[in-house]
Structures are given as C-alpha cells and as structure tokens.
Amino acid sequence: MTHPSKDIMFTKSRLLEGKKIALCVCGSVAAIKAPELARELMRNGAEVFAVMSPSSQKLISPSLLEWATGNPVVTELTGKIEHVLLGRKGGVDLVLIAPATANTIGKIAAGIDDTPVTSLATTAIGSGIPLMILPAMHGSMYRHPLVSENLKKLSSLGIKVISPDVVEDKAKFPEISVIVEEVVAALSKKDMAGISVIVTAGPTRSYMDSIRYLTNSSSGKMGYAFAYEAAARGARVTLISGPTDLQPPKSVSVIPVKTTEEMLEAVNEVLSQEKHDLFIMAAAPLDFTIVERFEGKISSSSQLTLTLKPLPKVVDAARAKSKELFIIGFKAEYGLPREELVSRARRRLLESGMDLIVANDLSSPVTGFMADTDEVYVVDEKGLVIHIPLSQKREIARRVLDLYLQRRG
C-alpha cells in the first residue's frame, strides 16, 4: 500500500520521474527546510529517502521526515548496512546533503565516517554516485579558510557544491526551487550537449515618455522554462530577456532588453557572431511602437493622440540571418476554438518559415501569461498537431524540446 504522503508525486512535473534521491540532513538550523525540500522533489517525481545525522535529530524529528517522504528514515546504521543499500550501484541516483554543516563537510573531505550521513557520502563517492552538498552555517564558519579548502577539495572530486545565499552574515538555503533545479540539472540526460540555443522571453516596451510605456502582461515564465530545460540538458543557451522578475539559470548567458527594437538588435548580433542550432521565440514582443516619444514626464492633464507604427518581426530577422536555423515560435490567441487556434498557428508558421509553432489560448486563468501552467498545441508545416494537456510550463518545454530532438535526428 502506498504511503499517503506520496500522493503529491508528479503534481508539478515528471522531471525527476524514476529518480531516487537520498536527502541527508545535518545539524544546522536549516534542517527545518528539509521537509519542504523533500516534498518539492517529490512533486517533480522523485522518490526521496531521508538520512539524518544525530545532531539533526535534535532539531527536527525523524517522524517529520518520514511523513514528508513517505519512507522510513535512516537515523543510525544497523545490520541492514543502510549506507551500502543506498550508496551502492543500483541504490539511489543522487545523494543530496542539505543542509551540510562545516563539521560534516570536514569529515567527508577527510574520509571520516562516523554518522549515517558521512558513511553514505563515502560509499556514494566510492560507487560513483553523484553527490551534492549545500553548506548552511554561520558566516564566520563559512568564511573559515579550512572550510573553503574542504569545499574546494570536494569540488575537485566532482562533488557539486550548491552555493548558499549569504544573508545576515549566515550561509542559508537559497530558494527551494533553486535547489530543485540543481538536482534536475544533475540528473537530466545531456542529450542537448553541443547544441547552441537562443531563447527570447518576456514582454517588450514602447515608451510614451521617460517613465510611461506600452507593454503586455507577459511574465517570461515560458521562455525561462525553455532556458532552464535546455541548459539542464547540456545546451549552450543565450537568453534574450525582456523585463521580468525571474531569475535565469546561472549557466546561461543573459542579454537584457526593454524594447522590441533592442530585442531585434540582440537577435541579429547573436546570430552574426556565431552559428546557432535552435531559436526558441517564447517572448511576447510588441508588434507596434509609439512613433513620437516625449522627453521627461507628460503632464497628467495633457490630452494626447498617440500614433503607432508596425515593427519588423523577430522571426523574419532570424530567418534572414540563417536558413539552417531551427526555429520554434509561439502563437498566442484569446478565446478561440481549438480548430481556429491551430489553423491560425499553422498559417503563421507557413508565412514565417518556422519549423514548429506552439499555439496556446490566453483566456483561461491557468493558461495565461502569468500562470505557471499552460495547455498547448504544437504544429508543424505538414499540419501535424501534438496536444500537450495542461502542464507546468517547464514540463511543456521538456516535451517541445523532445520533439525538436526527434526532428533533428
């Protein structure tokens, strides 16, 4: 019988489907974040097994982590040799130590095994299982030269060290989503290694005066989802982003822009510098710009007539630069029947020379610009339609990139 706590699995995505993760918890106050981290890993499809040091058990109860994961918690090593069971080939796919204390980091670097966490770490290293460490401690400890040296030593062994957020002179957990993304990247197949990708994301603006502008409500979430997914799969990604509040992947080259003209210029420049394989146009650039821009601030009592003129299409500029570039575009509509939505998308694809186009309807609260989810139809030049039902935008990015790789051969 399945533990009720596992009902949340796959509620966000299948990015970690089939993956088993040992979540090791040490005696840092950040241990209180471990249940939340475990749950978020599960929502993305992972099976999580908690392993606790003796000190961590003074901060949170093993029963809490058993509830969080739906699996028994390792609190000591017994005749079951739990460190070997989890840390050998065929055990877990990843050992994640979060939080990792200075004490545990030093012991792992020295090969000392005196807790379930350090013993599992040694076994995993010896078995070639990926190991990730997230330091969490007071700033004075984090800055200690020997702690820094130990972290560098572990990095040299191929152990991934997740950078903490240093706030209030303390090395703290970053956002849980950041940790999950590090895990996803570590466990993702690198089937896009060697592929160079450009992604556009977010809205653009056309300024009326120095502070007011015309724009749309694009959040950039879809474009950033593609950037994260492509980077996790090993691609070299350039993200050309309009104004958003989103944080891009650390491994991605980011070009910030504000206007459609700036986005066009950035696309032209990037494509002129070197050959790229894939262009994903997930941005929502304005099709029109205000002809006359006023300097300063227009008086609120003024009566104005604004003239708009059409702007060149980003896809046209990209296709003119490269005939070989694989282009994935987007066609957003509002309140259309499925047949009309797909028909307009295919017509736009044929007019523009795209290779694939992703059509979606913005009229629902769960598929709009600001939503974390979407429902889309992927259309090619032959009229083939692939329906991706309501899913997280990252999951959609994953499915669409799978389609690209199938066509790429």
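I want to confirm something. Restricting to the range 196-225 and keeping residues that are touching a Phe, Trp or Tyr at 6+ places or on another chain (Cβ under 9 Å) and polar (S, T, N, Q), which single residue is modelled with the highest pLDDT?
It comes out as T200.
Could you check, for the range 87-101, whether at least one of its residues is farther than 20 Å from P130 by Cβ, in contact with a strand residue (DSSP E or B) (Cβ under 8 Å, 6 or more places away or on another chain) and crowded, with 22+ Cβ neighbours inside 10 Å? First the steps, then the outcome.
The initial filter retains those residues of the range 87-101 that are farther than 20 Å from P130 by Cβ, namely 101.
Pick out the ones that are also in contact with a strand residue (DSSP E or B) (Cβ under 8 Å, 6 or more places away or on another chain) and you get 101.
Imposing the further condition that a residue be crowded, with 22+ Cβ neighbours inside 10 Å reduces the set to 101.
Checking the range 87-101: at least one residue is farther than 20 Å from P130 by Cβ, in contact with a strand residue (DSSP E or B) (Cβ under 8 Å, 6 or more places away or on another chain) and crowded, with 22+ Cβ neighbours inside 10 Å.
Taking the range 167-186 as the region of interest, how many residues are surrounded by fewer than 13 Cβ atoms within 10 Å (Cβ to Cβ) and among the hydrophobic types (A, V, I, L, M, F, W, C)?
Selection size over the range 167-186: 1.
Only residues that are part of a strand (DSSP E or B) and buried (at least 18 other Cβ atoms within 10 Å of the Cβ): list them for the range 285-302, please. Steps first, answer last, please.
First, the residues of the range 285-302 that are part of a strand (DSSP E or B): 288-290.
Passing the criteria: T289, I290.
Would you confirm, using the coordinates I've provided, whether G45 is at pLDDT 95 or above, assigned to a loop (DSSP other than H, G, I, E, B), touching a Leu at 6+ places or on another chain (Cβ under 7 Å) and not acidic (D, E)? Working first, answer last.
On the way: at pLDDT 95 or above: yes; assigned to a loop (DSSP other than H, G, I, E, B): yes; touching a Leu at 6+ places or on another chain (Cβ under 7 Å): yes; not acidic (D, E): yes.
Taking the combined requirement at face value, the residue satisfies it.
Which one of A332, A318, A359 is in contact with a Leu (Cβ under 8 Å, 6 or more places away or on another chain) and either outside the structural domain of I290 (by TED's automatic domain parsing) or assigned to a helix (DSSP H, G or I) (or both)? Please lay out each step first, then the result.
Working: A332 fails: either outside the structural domain of I290 (by TED's automatic domain parsing) or assigned to a helix (DSSP H, G or I) (or both); A359 fails: either outside the structural domain of I290 (by TED's automatic domain parsing) or assigned to a helix (DSSP H, G or I) (or both).
Of A332, A318, A359, the one residue that is in contact with a Leu (Cβ under 8 Å, 6 or more places away or on another chain) and either outside the structural domain of I290 (by TED's automatic domain parsing) or assigned to a helix (DSSP H, G or I) (or both) is A318.
Checking the conditions here, which among A22, A38 is assigned to a helix (DSSP H, G or I), in contact with a Leu (Cβ under 6 Å, 6 or more places away or on another chain), within 29 Å of A225 (Cα to Cα) and modelled with pLDDT of 95 or more?
Checking each option against the conditions leaves just A38.
Kindly state which strands (runs of 3 or more DSSP E) lie completely within the range 179-284 and contain at least 3 residues that are among the aliphatic types (A, V, I, L, M) and more than 24 Å from I162 (Cα to Cα).
Details: elements: 196-201, 236-241, 253-256, 278-281.
Strands (runs of 3 or more DSSP E) meeting the threshold: 196-201, 278-281.
Among the residues of the range 1-30, count how many are touching a residue at least 24 places away in the same chain (Cβ under 8 Å) and surrounded by fewer than 24 Cβ atoms within 10 Å (Cβ to Cβ). If you could, list the steps in order and put the result at the bottom.
First, the residues of the range 1-30 that are touching a residue at least 24 places away in the same chain (Cβ under 8 Å): 2-6, 8-30.
Add one more test, that the residue is surrounded by fewer than 24 Cβ atoms within 10 Å (Cβ to Cβ), and what stays is 2-6, 8-14, 17-20, 27, 29.
The qualifying residues number 18.
Going by the structure shown, is E229 assigned by TED's automatic domain parsing to the domain that holds K321 and within 13 Å of the chain's Cα centre (by Cα)? Full working, then the answer.
Working: assigned by TED's automatic domain parsing to the domain that holds K321: yes; within 13 Å of the chain's Cα centre (by Cα): yes.
In short, yes.
Do you know which residues across the range 224-243 are more than 22 Å from G194 (Cβ to Cβ) and buried (at least 18 other Cβ atoms within 10 Å of the Cβ)? Full working, then the answer.
Step one: filter the range 224-243 for residues more than 22 Å from G194 (Cβ to Cβ), giving 224, 241-243.
If the condition is that a residue be more than 22 Å from G194 (Cβ to Cβ) and buried (at least 18 other Cβ atoms within 10 Å of the Cβ), then Y224, S241, G242 are the ones that fit.
Kindly evaluate G79 against the criterion of being buried (at least 17 other Cβ atoms within 10 Å of the Cβ) and assigned to a loop (DSSP other than H, G, I, E, B).
Numbers: buried (at least 17 other Cβ atoms within 10 Å of the Cβ): no; assigned to a loop (DSSP other than H, G, I, E, B): yes.
Answer is no for this residue.
I need the full set of residues from the range 362-404 which are in a helix (DSSP H, G or I) and either surrounded by 15 or more Cβ atoms within 10 Å (Cβ to Cβ) or not assigned by TED's automatic domain parsing to the domain that holds V314 (or both), in order please.
First pass over the range 362-404, keeping only residues in a helix (DSSP H, G or I): 393-404.
Across the range 362-404, the qualifying residues are K393, R394, E395, I396, A397, R398, R399, V400, L401, L403, Y404.
Residues of the range 269-294 being more than 20 Å from A193 (Cα to Cα), of a type outside the set (D, E) and touching a residue at least 24 places away in the same chain (Cβ under 8 Å), which ones?
S272, M281, A282, A283, A284, P285, L286, F288, T289, I290, R293, F294
Hey, can you tell me all the residues within the range 254-264 that are in contact with a strand residue (DSSP E or B) (Cβ under 8 Å, 6 or more places away or on another chain) and more than 18 Å from A397 (Cβ to Cβ)? Show your work before the answer.
Filtering the range 254-264 down to residues in contact with a strand residue (DSSP E or B) (Cβ under 8 Å, 6 or more places away or on another chain) leaves 254-261, 263.
Scanning the range 254-264 gives I255, P256, V257, K258, T259, T260, E261, M263.
In the set T104, T200, T122, T115, which member is touching a residue at least 12 places away in the same chain (Cβ under 8 Å) and in contact with a Cys (Cβ under 7 Å, 6 or more places away or on another chain)? Spell out how you get there, then give the answer.
Working: T200 fails: in contact with a Cys (Cβ under 7 Å, 6 or more places away or on another chain); T122 fails: in contact with a Cys (Cβ under 7 Å, 6 or more places away or on another chain); T115 fails: in contact with a Cys (Cβ under 7 Å, 6 or more places away or on another chain).
That would be T104, the only listed residue that is touching a residue at least 12 places away in the same chain (Cβ under 8 Å) and in contact with a Cys (Cβ under 7 Å, 6 or more places away or on another chain).
How many residues does the range 48-76 contain that are part of a helix (DSSP H, G or I) and surrounded by fewer than 15 Cβ atoms within 10 Å (Cβ to Cβ)? Let's see the steps before the verdict.
Our first condition is that a residue be part of a helix (DSSP H, G or I); within the range 48-76, this holds for 56-58, 62-69.
Remaining after also requiring surrounded by fewer than 15 Cβ atoms within 10 Å (Cβ to Cβ): 58, 63.
Qualifying residue count, the range 48-76: 2.
The values are calculated or read from the model by the stated rules, or taken from the named source; none is laboratory data. None of these values were measured; they are calculated from a predicted model. Because the Cβ atoms are built from the backbone with ideal geometry, glycine has one as well, and the counts that use them run over all protein chains shown.
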